[in-house]
Every structure is written in structure tokens, then in C-alpha cells.
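The values are calculated or read from the model by the stated rules, or taken from the named source; none is laboratory data. Small disclaimer: the values here were computed from a predicted structure and weren't measured. Glycine gets a Cβ as well: all are built from the backbone with ideal geometry, and neighbour counts include every protein chain shown. The protein model used for the area step is the full one, side chains on, heavy atoms only, and it has no ligands, DNA or RNA in it. Shrake-Rupley method; radii C 1.70, N 1.55, O 1.52, S 1.80 Å.
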Amino acid sequence: MSQTTNSVDHHGVFMQVNGHGILIIGQPGIGKSSFALELLHQGQQLIADDIIEFTQINKQLIGSCPAMSQGLLHSRELGLISVTQLFGNDAFNQQHQLDFVVELKTSLENTASLSPIKNYEIDGLTFPLLQLSITSPASIYNRLVTWLTMKTSDGYDAETTLKHRQQQQMNSD
């Protein structure tokens with residue numbers, strides 16, 4: 001039997017990227033909708049823009065779009081975009097489970113950790129958080145897809161590999 005709690009609204013853009021529910025957050029005007037537009041051009045799906053309605057079911061958050069704005073994306077530069085008209089019906093999905101959160105930032109604070117682990121909480125549930133600088137010359141899309149691959153690949157842990165190599169080097173000296 002499923003256990004449902006009340007809905008909680010959250011600001012951002014909710015996308016389905018390579019089968020994963022990605023909530024894009026950041027300050028107003030940072031480029032959330034522009035990034036969503038880039039994701040649509042890469043064949044990904046919009047779930048909701050601006051307001052996402054999350055419903056918790058069995059310790060999972062399911063995000064959907066209010067009926068008024070379904071299939072619509074607002075860009076400060078381009079105005080209101082009908083995602084289904086421009087990209088086809090497959091570019092919009094009614095709902096999806098939230099898996100990861102991406103925060104767009106103008107700059108990132110330095111970290112001593114090789115692989116910083118950050119989390120984001122919504123409605124008492126914690127999700128892996130990726131913070132991306134909008135000023136980096138590398139594509140935000142490519143950085144996101146790389147991170148998703150790292151997060152979803154069994155046994156991938158480059159930091160452990162490096163530490164193991166360092167230990168081997170110290171032992172051989």
C-alpha cells in the first residue's frame with residue numbers, strides 16, 4: 001500500500017535527463033531555463049518550469065507541473081516556449097521521480113576534498129547535489145552527464161583509486 005503525504009511546491013526547473021529526474025535550482029536569472037532549453041535540444045524532457053509540485057510517495061518525491069503551465073518553458077530572452085510545439089510531444093513528461101539536484105552558481109567556493117559530496121533536502125528527503133559554475137568554459141550539459149554517469153556507475157570511485165595508487169607509491173619508496 002502506498003503512503004502519500006501532502007504536496008510541497010519548489011522553485012526551479014524539473015527535467016528528465018537520461019532517465020533521471022533532475023531539479024535545476026539557482027538564483028533568479030542564473031540560467032536555469034536556458035540550461036533546460038539546452039537539455040531539450042539534447043533530447044531530454046521537461047517536467048516542470050518555475051513551480052514544481054512534489055508529492056512524497058513511499059519515501060520518494062514525484063515531481064509534476066501545475067496544469068496551467070504544463071509543456072511550457074519561460075525564457076527571459078525568448079519568452080514563453082511551447083516545448084511540445086518546438087520539440088514534439090516526447091519532449092514533455094507529466095511527472096517523474098526526483099533523483100538529483102543541480103545548482104547553478106556564478107562561482108564555487110574552493111574545497112579541500114577531491115570529490116566534494118553535497119546534498120539537498122526537500123520534504124525531509126535528501127538528494128545528491130551537484131553545484132555547477134556558469135562561468136566554466138566547459139559545457140554545463142557535458143559536466144552534468146559526466147556526473148550522472150559517475151553517480152550511476154557501479155563501482156566508480158576515482159578518489160579511492162588515487163588514494164590506493166598513492167599508498168602503493170609510498171610503500172614502494
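Look at residue 49 and say whether it is assigned to a strand (DSSP E or B), acidic (Asp, Glu) and modelled with pLDDT of 95 or more. Judged against the criteria, residue 49 is a match. Filtering segment 72-82 to residues that are at pLDDT 95 or above and of a type in the set (Gly, Ala, Ser) leaves only 82. Take residue 39 and decide whether it is modelled with pLDDT of 95 or more, of a type outside the set (Gly, Ala, Ser) and part of a helix (DSSP H, G or I). Here the answer is yes, as residue 39 does meet what is asked.
Scanning segment 137-173 for residues that are of a type in the set (Phe, Trp, Tyr) and either over 21 Å from residue 22 (Cα atoms) or touching a residue at least 12 places away in the same chain (Cβ under 8 Å) (or both) yields a count of 2. The criterion of at least 3 residues that are surrounded by 11 or more Cβ atoms within 10 Å (Cβ to Cβ) is met by the following strands (runs of 3 or more DSSP E) wholly inside segment 56-173: 60-64, 72-75, 95-97, 100-105, 118-122, 125-133. Does segment 16-30 contain at least one residue that is in contact (Cβ under 8 Å) with a residue 12 or more places away in the chain, assigned to a helix (DSSP H, G or I) and open to solvent by less than 60 Å² (accessible area, probe 1.4 Å)? Checking segment 16-30: not a single residue is in contact (Cβ under 8 Å) with a residue 12 or more places away in the chain, assigned to a helix (DSSP H, G or I) and open to solvent by less than 60 Å² (accessible area, probe 1.4 Å).
Reported count of residues in segment 34-55, each being in contact with an Asp or Glu (Cβ under 8 Å, 6 or more places away or on another chain) and open to solvent by 30 Å² or more (accessible area, probe 1.4 Å), is 4. For segment 92-102, state whether one or more residues are over 20 Å from residue 11 (Cα atoms) and touching a residue at least 24 places away in the same chain (Cβ under 8 Å). So far as segment 92-102 goes, no, none of its residues is over 20 Å from residue 11 (Cα atoms) and touching a residue at least 24 places away in the same chain (Cβ under 8 Å).
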